[in-house]
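Undergrad: One structure coming up, written as structure tokens, with questions to follow.
The values are calculated or read from the model by the stated rules, or taken from the named source; none is laboratory data. Remember, it's a predicted structure, so these values are computed and weren't measured experimentally. All Cβ positions, even for glycine, are placed from backbone atoms using ideal geometry, and neighbour counts span all protein chains on display.
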């Protein structure tokens, strides 16, 4: 991916003073991290939105504050307005390219499960949406892709151990036997099976009652 750049400005406004800033089309933010004092900054709302859509939490950004030297940063937190789906506050973490960091990497499902799309006997459940990893900032993967095109039967799934990790990337606090995705039986099929079993049991009970009534008295 091409270098992602973002221009920012220092700011003194805090708290309620951020409202005028937002009315001017700016988003308040905080920059902190490796060997720097936390500082209040702001960025153009439209530009920040585009950067956020490209970078997410896993791509390095070249952040320039007040036209200074670019700093490699990651988005650590992004507050989104639920009405507009646009950023209203951001936290940027300055990284040291020679020091490992931990980050949550999204898990993205790719392909289509034949059990869901073709035979329609099940539904796909994604049990893990992010995985925490440790690596150098430049080695941070954008996502983990999980191909479900081989899941053809109910109860088939993909475990953490099945994921291919890029070189230099290690999982943190992850159980290798934990399921990432699996095919579960459709609820309607399960309910039909339960109703069928209940019907069979009722029929068996009725047959038993009739046999008792027809039996000769001793």
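Undergrad: Could you say whether any residue in the stretch 89-111 is under 30 Å from residue 170 (Cα atoms), without any contact (Cβ under 8 Å) to a residue 12 or more places away in the chain, surrounded by fewer than 18 Cβ atoms within 10 Å (Cβ to Cβ) and not assigned by TED's automatic domain parsing to the domain that holds residue 171?
TA: Checking the stretch 89-111: not a single residue is under 30 Å from residue 170 (Cα atoms), without any contact (Cβ under 8 Å) to a residue 12 or more places away in the chain, surrounded by fewer than 18 Cβ atoms within 10 Å (Cβ to Cβ) and not assigned by TED's automatic domain parsing to the domain that holds residue 171.
Undergrad: Filter the stretch 31-44 down to the residues that are crowded, with 17+ Cβ neighbours inside 10 Å and either closer than 23 Å to residue 101 by Cα or within 24 Å of the chain's Cα centre (by Cα) (or both) and list them by number. Don't jump to the end; show me each part of the working.
TA: Taking the stretch 31-44 first, the residues crowded, with 17+ Cβ neighbours inside 10 Å are 31, 33, 41-44.
If the condition is that a residue be crowded, with 17+ Cβ neighbours inside 10 Å and either closer than 23 Å to residue 101 by Cα or within 24 Å of the chain's Cα centre (by Cα) (or both), then 31, 33 are the ones that fit.
Undergrad: Does the stretch 113-126 include one or more residues that are out of contact with any helix residue (DSSP H, G or I) (no Cβ under 7 Å at 6 or more places or on another chain), surrounded by fewer than 13 Cβ atoms within 10 Å (Cβ to Cβ), assigned by TED's automatic domain parsing to the domain that holds residue 43 and not in a strand (DSSP E or B)?
TA: The initial filter retains those residues of the stretch 113-126 that are out of contact with any helix residue (DSSP H, G or I) (no Cβ under 7 Å at 6 or more places or on another chain), namely 113-120, 125-126.
Subsequent filtering for residues that are surrounded by fewer than 13 Cβ atoms within 10 Å (Cβ to Cβ) retains 117-120, 125.
Pick out the ones that are also assigned by TED's automatic domain parsing to the domain that holds residue 43 and you get none.
Checking the stretch 113-126: not a single residue is out of contact with any helix residue (DSSP H, G or I) (no Cβ under 7 Å at 6 or more places or on another chain), surrounded by fewer than 13 Cβ atoms within 10 Å (Cβ to Cβ), assigned by TED's automatic domain parsing to the domain that holds residue 43 and not in a strand (DSSP E or B).
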